[in-house]
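For reference, the structure is listed below as structure tokens.
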Amino acid sequence: MRIVVLDGYTLNPGDLSWEGLEKLGTTEVHDRTEPELTLQRAGGAEVVLTNKTALDAEALRRLKGEGLRYVGVLATGYNVVDIQAARELGIPVTNVPTYGTASVAQFAFALLLELCHHVQLHSDAVRGGEWSRSIEWCFWKTPLIELSGRTMGIVGFGRIGRQVGRIADAMGMRVIAHDAITVNPPDYEGFRWTGVEELLKESDVVSLHCPLFPETQGMINAERLAMMKPTAFLLNNSRGPLIVDQDLADALNAGRIAGAGLDVLSVEPPLENNPLLSARNCLVLMARIRLPSQNLSRAFLEVVEQSAIAAARTMGIGDREFSDQAAVEVMRKIMDSVPMKGTIVIGEGERDKAPMLYIGEKVGKHKDLVEGEQVTHEVDIAVDPLEGTNLCATGAPGAITVLASSEKGGLLNAPDCYMEKIIVGPSSKGVIDLDASVKDNLRAIAKRLDRDVENLVVVVLDRPRHARLIQDIRAAGARIRLITDGDLSAGISVALRGTGVHAVMGIGGAPEGVLTAAALRCLNGEILARLVVKDEEQAERMKSMGIKDPDKVYATTELASGKNIIFAATGVTDGTLLKGVRFFGDGTRTQSILMNLANRHVRFVDTVHLAQRPDISVHL
């Protein structure tokens, strides 16, 4: 079976896999298809998938003659396909009805709330000093409109329309709706079905959520706009041609309605002379903003899994640099397939000391895009391609591959130096003090955990510099777990119940401290840390990186301040936190931890990477 995707980039700019389709047949994916190339590319295909590329009656007839059996629309509406012609030709057509229900409804209210409160206008005014210069305590530039008690009229009461209705009802609005199918009315107080014109006359907010058919095209025109209240807002999160652009612009400019919020237009991208782009109180934002939120978690999981597999193949050969090189090279290669513009802020070192994954290096599929060009994700990235190079080289437990990301500025750009640290789990947050004695900190942790100090386990790197620390921990009565490498793994373990670790103390790498903080943000743990300055040269290096106070004690949220932190790690050799890579006849098995702060997800992922053979089998 031949499958052709005519415009795959909109759905999948590179962060998803077409593997599921490829299993069904020979798959040909085009990022975009110009109208004159549609028949050439789709000819002979049994399955054609499209998002915005139109398939009219003539195209369907010709493709049917060449074997077309099915058309899939990779969006909610059907308007890019001549449905009547497809029905007559016996070609099934399907869409994706639920992919954006929550996000589209949310975006409708983002537009509405901006119209009500003019948040950006007031923010700019305050930042520009207008409130500071005002003689009044209460500062506003426009009236602020309260939605409670007002009427929301929804045209098109399908999945998205109903979701908009639920939100409106929760905000205290009265909801009325128009739809061709008036079944299963919601139980909102005061809800009723109504005709379009009655809805336009009664509503304080009109929100369009109906499909584009010949009978709905241009339904919001000058005549119907004149029916609306002069204080009413119009929202369109459905299809641009539902509205006559010039008529709406005229109504806005004449003050016949109060404002409009649109994420669709009759022609997209809009022509430069579209009257709505300069109309009074009209918000126009591009439609892709309301598509389901994408995240990089799955892509980053693949990055750490593949680098762990590469490192694991070098396990036990006794060459730590070779093991690290194997992990670095694969991590860098896979990272460049991720749809992002990434900047390495924690990596393998300075540019002159690291051939790749150096601090400041640009990575990702979009790394070469310049400012102003469309970027799917722009992020800062911290990596440790192989934490525990000695562990891997000797086959000892606890080696892992690690990556963390955040929005720009969300991870401290820490120099490659030492860092004094104390790390605890969620139960002990708020009781530790980096300047307190070891005994006092252990007593505070024990009290919070409702146990004796003698029952605490503290992880410490086995280094000569920790001789006094080890002595103080023993004197306090706590037990010690000495590790040869891998304080990052230990820092994560302390935030997970059941690992038998209650604190990590001592001096380790500053880059590992930032990575640990990223993980702890997701796990609700805590780290307090202070940079250790070795010499004057290092002090100058810190100044050049913007670190003004080398004695500053950093909290977790200062080391990793981002709101969209993603953390991924895969075991290379077996450890307390993760199992190592296992090779078997039919493939490779990895175990990872994948965390997303924004989504509040912590996943332990067991992945089987199957060999490319027809006779493989999977075992538990």
Could you name the lysines whose alpha carbon sits less than 24 Å from that of K201, not counting residues in the same chain fewer than 8 places away? K229
Contour minus Cα-Cα span, Y358 to V96, at 0.36 nm per residue, comes to 90.1 nm
With +1 on the Cβ of every Lys and Arg and -1 on the Cβ of every Asp and Glu, and nothing else charged, how large is the dipole of the range 61-198 about its Cα centre, in debye rounded to the nearest 20? 520 debye
Hey, how many Å between the Cα centroid of the range 547-565 and the Cα centroid of the range 107-171? 34 Å
On each of the three principal axes the extent of the alpha-carbon atoms of the range 320-473, given in whole Å and largest first, is 57, 37, 24
Debye log10 I(q)/I(0) at q = 0.21 Å⁻¹ for the range 9-165, Cα point scatterers: -1.32
What is the range 1-139's relative contact order, in percent, from Cα pairs under 8 angstrom and six or more apart in sequence? 19 percent
Expressed as a fraction of 2.2 N^0.38 Å, the rule-of-thumb size for a compact globular protein of N residues, what is the C-alpha radius of gyration of the chain? 1.17
Choose one of A311, P614, N455: the residue whose Cα lies farthest towards the positive end of the charge dipole of the chain (beta-carbon charges +1 Lys, Arg; -1 Asp, Glu; about the Cα centre). N455
Excluding residues fewer than 8 places away in the same chain, name every one of the lysines whose C-alpha is closer than 21 Å to that of K552. K421, K429, K534, K543
Which percent of the accessible area of the range 35-135 is formed by carbon and sulfur heavy atoms (probe 1.4 angstrom)? 53 percent
Radius 13 Å from Cβ of I470, net charge of other residues (Lys, Arg +1; Asp, Glu -1): +4
Length-normalised contact order for the range 567-614 - Cα pairs under 8 Å, 6+ apart - percent: 31 percent
Roughly how many whole Å is it from the C-alpha centroid of the range 416-470 to that of the range 189-267? 63 Å
Under a point-charge model restricted to the Cβ atoms of Lys and Arg (+1) and Asp and Glu (-1), what is the dipole moment magnitude of the chain relative to its Cα centre, in debye to the nearest 20? 1320 debye
In Å³ per residue, the alpha-carbon convex hull of the range 202-354 encloses 177 Å³
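The values are calculated or read from the model by the stated rules, or taken from the named source; none is laboratory data. This is a predicted model, so every value here is computed, not measured. Counting neighbours? That spans all protein chains shown, and the Cβs are built from the backbone with ideal geometry, glycine included. Just the protein is used for accessible areas: all its heavy atoms, side chains included, with ligands, DNA and RNA removed. Shrake-Rupley method; radii C 1.70, N 1.55, O 1.52, S 1.80 Å.
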